[in-house]
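Below: the structure, in structure tokens.
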Ligand SMILES: Nc1nc2c(ncn2[C@@H]2O[C@H](COP(=O)(O)OP(=O)(O)OP(=O)(O)O)[C@@H](O)[C@H]2O)c(=O)[nH]1
Ligand SMILES: [Mg+2]
């Protein structure tokens with residue numbers, strides 16, 4: 001994958017991510033393991049990056065969820081039209097004495113717009129998947145049937161790639177039965193229906209962690225962030241003076 005095929009929307013320090021989302025604190029002071037990092041050749045340098053890639057059908061809330069995880073509205077989202085059309089990233093530069101490396105969140109277009117676009121996006125993702133360390137595969141909780149999502153999943157992820165996938169079941173605030181008067185939390189009936197849906201999904205996607213979230217209501221974002229960090233840790237190592245993780249630290 002050439003660097004030019006991903007547009008970098010923002011580049012910030014890792015401390016900005018940790019200040020916005022403390023679940024990323026364990027990464028403070030670490031740098032990528034060179035052998036497993038994704039290498040990108042730039043004009044005058046080469047970086048070794050760690051990548052979190054988002055995938056799934058259009059309108060499932062990929063951009064909204066990643067914005068919540070990173071703490072600002074970097075990626076555009078839309079209620080009325082397919083919004084993300086190319087691979088875009090927000091990069092957080094990591095600790096290193098000598099080199100520039102990043103933890104990179106890549107957001108991409110969603111499947112299901114039309115056949116021609118899907119073929120193009122598939123090509124894009126087939127190049128991106130081997131470079132990704134954690135892949136967020138999105139489903140929507142208010143969807144009744146997951147056959148299409150399951151079909152895409154099976155056709156795009158080979159066995160090895162599945163080890164890096166985490167399923168994000170988004171929009172749990174919309175799960176039936178909706179109660180217009182209830183706000184701020186899921187009703188008992190919604191929780192029952194969510195638990196039934198999770199059970200079915202675990203049968204369909206065995207051994208893949210599933211995180212129920214609502215990006216708009218910020219439900220489940222902490223657990224998802226923690227799950228991403230847990231999967232990422234083996235791709236990092238301490239470089240020289242590795243500072244320990246400190247509770248309550250304001251990172252510079
Ligand atoms: N109710 C509800 N709406 C959501 C949630 N997450 C996203 N949305 C809405 O769903 C719409 C689509 O969200 P996006 O984040 O643009 O979806 P996307 O998957 O990035 O879409 P593409 O870029 O087209 O692939 C927006 O109107 C969001 O506000 C959620 O958890 N609950
Ligand atoms: Mg999007």
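Bear in mind that the values in this text are calculations on the coordinates, not laboratory data. Keep in mind that what you see is a predicted model, and the values were worked out from it rather than measured. Cβ sites come from the backbone with ideal geometry, for glycine too, and all protein chains shown count toward neighbours.
Between the Cα long axis of helix 115-128 and the first principal axis of the chain there is an angle of about 40°, rounded to the nearest 10. When shorter helices are ignored and each DSSP H run of at least 4 residues is given -39500 (n - 2.57), the per-residue value for the chain at 222 nm works out to -8500 deg cm²/dmol. Between residue 216 and residue 183, the simple label model (points 7 Å from Cα in the Cβ direction) yields a spacing of 1.3 nm.
For a modelled paramagnetic label at residue 233, 7 Å from Cα along Cα-to-Cβ, the residues of the range 31-61 in reach, with backbone nitrogen under 19 Å, are 31-34, 36-37, 50-52. What is the Cα centroid distance between the range 1-41 and the range 54-132, reported in whole angstrom? After rounding, the separation between the Cα centres reads 14 Å. Across the alpha-carbon set of the range 3-238, the Rg to Rh ratio works out to 0.96, Rh being the Kirkwood radius.
Between the beta carbons of residue 33 and residue 123, assuming R0 = 30 Å, the FRET efficiency works out to 0.60 to the nearest 0.05.
Net length available on complete extension from residue 223 to residue 207 is 4.0 nm, with 0.36 nm assigned per residue and the Cα-Cα distance removed. Expressed to the nearest 5 percent, the antiparallel share of DSSP beta bridges inside the chain is 35 percent.
Taking label positions 7 Å along the Cα-Cβ direction at both residue 73 and residue 85, the computed distance is 2.0 nm, reported to one decimal. Within the listed set 201, 120, 17, the residue fluctuating most in the Gaussian network model of the chain (springs between alpha-carbon atoms under 10 angstrom) is 120. The slack between residue 45 and residue 156, meaning 0.36 nm per residue of separation minus the straight C-alpha distance, is 36.8 nm.
Note on residue 163 and residue 147: the extension gain reaches 3.7 nm, defined as 0.36 nm multiplied by sequence separation minus the Cα-Cα distance. When 127, 55, 233 are sorted by how many other C-beta atoms sit within 10 angstrom of their C-beta, beginning with the fewest, the order is 233, 127, 55.
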